[in-house]
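Since the structure comes first, as structure tokens, the remarks are kept for the end.
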């Protein structure tokens with residue numbers, strides 16, 4: 001069944017047809033959310049919020065763009081709002097995870113040290129991605145986490161392909177600069 | 001290890017994370033709850049009942065207050081005998097009888 005048919009079914013009152021849409025797009029929405037929050041539980045909460053919002057505003061979907069493009073827009077906006085709302089909580093969780101990693105050092109010191117280093121490196125990369133300017137971050141997440149083409153990203157962000165290319169280059173340069181310590 | 005490889009490695013690790021297999025069921029149950037017309041009606045009536053209860057409590061409170069006010073005695077009762085605690089009103093009432 002095509003997405004247009006599914007949407008018509010849902011709008012005519014067949015709520016179960018929405019499950020097919022959820023099953024089709026859940027993976028992408030979850031991956032995009034992961035790119036913004038780096039936590040399974042938070043990404044699942046965002047995925048749920050995205051689909052509920054999509055269901056509520058499905059009648060406003062004008063089919064000018066693809067359903068997936070529209071859904072990606074909702075995902076990006078919901079994720080950015082979620083991150084802005086939970087900045088302090090995120091900071092506390094990161095600190096907690098670091099402490100937990102420190103306290104879990106086993107007798108095998110070499111392995112423990114390696115694990116600690118790996119955790120610290122992962123955290124640095126995540127922080128560097130999180131600290132990118134909003135547009136660069138959105139383009140980067142859509143490109144790296146969802147493997148979308150520049151054209152698709154341009155459609156989602158409603159900008160030109162050239163602008164997307166520029167955003168991705170700047171994001172890359174920013175990340176290189178922030179993570180130069182890792183080399 | 002080059003910075004790009006490190007970033008790639010971290011991203012790939014995150015991409016391997018799978019969502020809960022029951023996530024779609026969770027989403028659909030939330031939607032079903034939100035969409036149920038019966039629930040909407042119940043929610044409407046629940047707020048109506050709460051508002052009506054508040055109004056009823058206020059009206060009863062005012063009525064009780066008024067009953068007390070209407071039955072107020074014209075005579076003032078004075079306790080002057082502390083050891084016996086007798087109301088002087090009894091003596092006054094007797095004088096009227």
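Remarks
- Test: residue A:126 is in a helix (DSSP H, G or I), modelled with pLDDT of 90 or more and away from chain B (no Cβ under 14 Å): no
- Subset of region A:13-34 (residues that are more than 7 Å from chain B (Cβ to nearest Cβ) and either surrounded by 16 or more Cβ atoms within 10 Å (Cβ to Cβ) or within 18 Å of residue B:29 (Cα to Cα) (or both)): A:13, A:14, A:16, A:17, A:20, A:21, A:24, A:25, A:28, A:29, A:32, A:33
- Residues that are at the interface with another protein chain (Cβ under 9 Å from one of its Cβ atoms) and loosely packed, with under 15 Cβ neighbours inside 10 Å within region A:53-70 comprise just one, A:56.
- Checked against the criterion of being within 12 Å of the chain's Cα centre (by Cα) and over 20 Å from residue A:84 (Cβ atoms), the candidates A:24, A:31, A:56 yield just one match: A:31.
- Residue count for region B:22-39, restricted to those that are more than 7 Å from chain A (Cβ to nearest Cβ) and modelled with pLDDT of 90 or more: 3.
- Among the residues of region A:129-141, those identified as crowded, with 20+ Cβ neighbours inside 10 Å and away from chain B (no Cβ under 12 Å) are A:136, A:137, A:138, A:139.
- Where helices (runs of 4 or more DSSP H) fall entirely within region A:1-98, those with at least 1 residues that are touching a helix residue (DSSP H, G or I) at 6+ places or on another chain (Cβ under 9 Å), under 30 Å from residue A:122 (Cα atoms) and modelled with pLDDT of 90 or more are at A:16-37, A:40-56, A:67-85.
The values are calculated or read from the model by the stated rules, or taken from the named source; none is laboratory data. Predicted model only: the values in this text are computed from it and were never measured. For neighbour counting, all protein chains shown are included, and Cβ atoms are generated from backbone atoms with ideal geometry for every residue, glycine included.
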